[in-house]
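This report concerns only the one structure given below.
Bear in mind that the values in this text are calculations on the coordinates, not laboratory data. Computed from a predicted structure; not experimentally measured.
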């Protein structure tokens, strides 16, 4: 839900609770009710903003946790006990591949070059668009994390820890 959607819901609640005709009949009662609702609405807006920032922080953190396409990823291994013991009574383990290695993408790729008439004239190296997109997304995610208020960071750290 966006901030605009939240406000529309608050306005719909207002219309439902105090129909415009009732506001005209009892303006003092409406103003009293509205004044009593301001702290509730302010708290709801603060909670909405906090939850939105927390969701954005989690999404950005997850994006940064993924490997960079330009660097690739090493093979992820784990030692697991087989349930058997060796001659000394020590557990026998086996290495399990949890995720295979992923090689880095090339920094440049070859693209067909064209002349003014649109005829191909050869190939030229260009920066790898997948790496450019990856770096742009990572920079945007880092900007979200850098802009996250400290209370949201503290709350997220408490959930993760």
For the chain, longest principal axis from Cα atoms; helix 3-17 axis from its Cα atoms; angle between them, nearest 10 degrees, is 30 degrees
What's the angle, to the nearest 10 degrees (0 to 90), between helix 27-65's Cα axis and the longest principal axis of the chain?
0 degrees
Nearest 5 is fine: what % of DSSP beta bridges in the chain come out antiparallel, could you say?
100 percent
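Using Stokes-Einstein with the Kirkwood hydrodynamic radius over Cα pairs, what translational diffusion coefficient do you get for segment 54-116 at 10 °C and a viscosity of 1.306 mPa s, in µm²/s rounded to a whole number? Write out the running numbers ahead of the final one.
On the way: Rh = 16.3 Å.
Roughly 98 µm²/s, to the nearest whole number.
Quote to one decimal, in nm, the extra length available between residue 22 and residue 47 on full extension: 0.36 nm per residue of separation minus the C-alpha distance between them. It would help to have the intermediate numbers written out before the result.
Working: separation 25, 0.36 × 25 = 9.00 nm, distance 2.99 nm.
Answer, rounded to one decimal: 6.0 nm.
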Matching label for the computed Cα extents along the principal axes in Å, out of [x] 113, 64, 25; [y] 83, 76, 25; [z] 45, 41, 20, is [y]
Expressed in nm to one decimal, what extension gain is obtained for the pair residue 97 and residue 139 from 0.36 nm per residue of sequence separation less their Cα-Cα distance?
12.1 nm
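State whether segment 1-65 is rounded, prolate or oblate according to the following rule on the C-alpha gyration tensor (a ≥ b ≥ c being the square roots of its eigenvalues): a/c under 1.5 gives rounded; otherwise a/b larger than b/c gives prolate, and the remaining case gives oblate.
Numbers: a/c = 7.23, a/b = 3.06, b/c = 2.36.
It is prolate, given that a/c is not under 1.5 and a/b is the larger ratio.
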Can you give the angle from 0 to 90° between the axis of helix 129-147 and the longest principal axis of the chain, with both taken from C-alpha atoms, to the nearest 10?
40 degrees
